[in-house]
Amino acid sequence: MYTVGEPLDITGMEVKGTYSDGTTKEEPITADNVTGFDSSAPAEGQVLTVTVGDKSTTYTVTIIQAPAAPAITTGSLPGGTEGTLYSQTLAATGDTPITWSKESGDLPEGLSLTDGGVISGTPMTAGTYTFTVKASNAAGSDTKELSIKINAAPAATLQSIAITKQADKLVYTVGEPLDITGMEVKGTYSDGTTKEEPITADN
């Protein structure tokens, strides 16, 4: 079997000649004795002719397309945000299957690269992270340096409040000032967190 562009190779070929007196012997063969070989394009069952003197015999070969090594086509990666799910798939040309790995550098904390070329996870720390990825198949490999910028999570905003404990004083006489001693108010924020809010009579 040959790949496109390969030269003829007759190493290992043995040709036996049969003579008029019934004897046989191995004939010396070079590439010049073989015609019909063409590896310029894929071919199934290409017939080659071996000629010695005025006698000939044939055999067949197959020409296949040479396997293509990966070439990474992903040029850049979008940024992400702390605490927000991130997922991007790397791309490459070449024969499949292609296996991906991290060659060097560091992915953002919380992200990982699968052998299928998917970078995913939830980034934990803001910053710019530079790393080199590698794509490999049976024909070879390719590497590329990439970066991901992880932005800081936006400040959480107050979404709602609720009184979790009433003030100690709920009954007043005419003329008494407001007293909120003992009151507790819980605030709920956009990131799902809660905390006790400081309250004064001005609130």
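The values are calculated or read from the model by the stated rules, or taken from the named source; none is laboratory data. Quick caveat, the model's predicted, so the values are computed rather than measured. Virtual Cβ from ideal backbone geometry, glycine too; neighbours counted across all protein chains shown.
Annotations
- Counted residues, segment 82-119 - those being of a type outside the set (Val, Ile, Thr) and over 29 Å from residue 67 (Cβ atoms): 11
- Of all residues in segment 81-97, those satisfying the criterion of being surrounded by fewer than 18 Cβ atoms within 10 Å (Cβ to Cβ) and either basic (Lys, Arg) or part of a loop (DSSP other than H, G, I, E, B) (or both) are 83, 84, 85, 91, 95, 96, 97.
- Residues of segment 137-177 satisfying the condition of being of a type outside the set (A, V, I, L, M) and under 33 Å from the mean Cα position of the chain (by Cα): 137, 140, 141, 142, 143, 144, 145, 147, 149, 151, 154
- Of the candidates 36, 94, the single residue that is over 30 Å from residue 119 (Cα atoms) and not aliphatic (A, V, I, L, M) is 36.
- Condition check for residue 59: of a type in the set (Phe, Trp, Tyr), surrounded by 10 or more Cβ atoms within 10 Å (Cβ to Cβ), at pLDDT 95 or above and within 30 Å of residue 130 (Cβ to Cβ): no
- Residue list for segment 136-183, filter: surrounded by 14 or more Cβ atoms within 10 Å (Cβ to Cβ) and under 15 Å from residue 203 (Cα atoms): 161, 167, 180, 183
- Condition met for residue 73 (surrounded by fewer than 14 Cβ atoms within 10 Å (Cβ to Cβ) and within 30 Å of residue 3 (Cα to Cα)): yes
- Some residue of segment 184-198 being assigned to a loop (DSSP other than H, G, I, E, B) and either surrounded by 14 or more Cβ atoms within 10 Å (Cβ to Cβ) or aromatic (Phe, Trp, Tyr) (or both): no
- Residue within segment 98-115 that is under 30 Å from residue 43 (Cβ atoms) and surrounded by 15 or more Cβ atoms within 10 Å (Cβ to Cβ) present: yes
- Among the residues making up segment 100-120, those that are under 14 Å from the mean Cα position of the chain (by Cα) and part of a strand (DSSP E or B) are 100, 101, 102, 103, 111, 112, 113, 118, 119, 120.
- Residue in segment 38-59 that is nearest to the chain's Cα centre (by Cα), counting only those that are polar (S, T, N, Q) and either over 16 Å from residue 3 (Cα atoms) or part of a strand (DSSP E or B) (or both): 46
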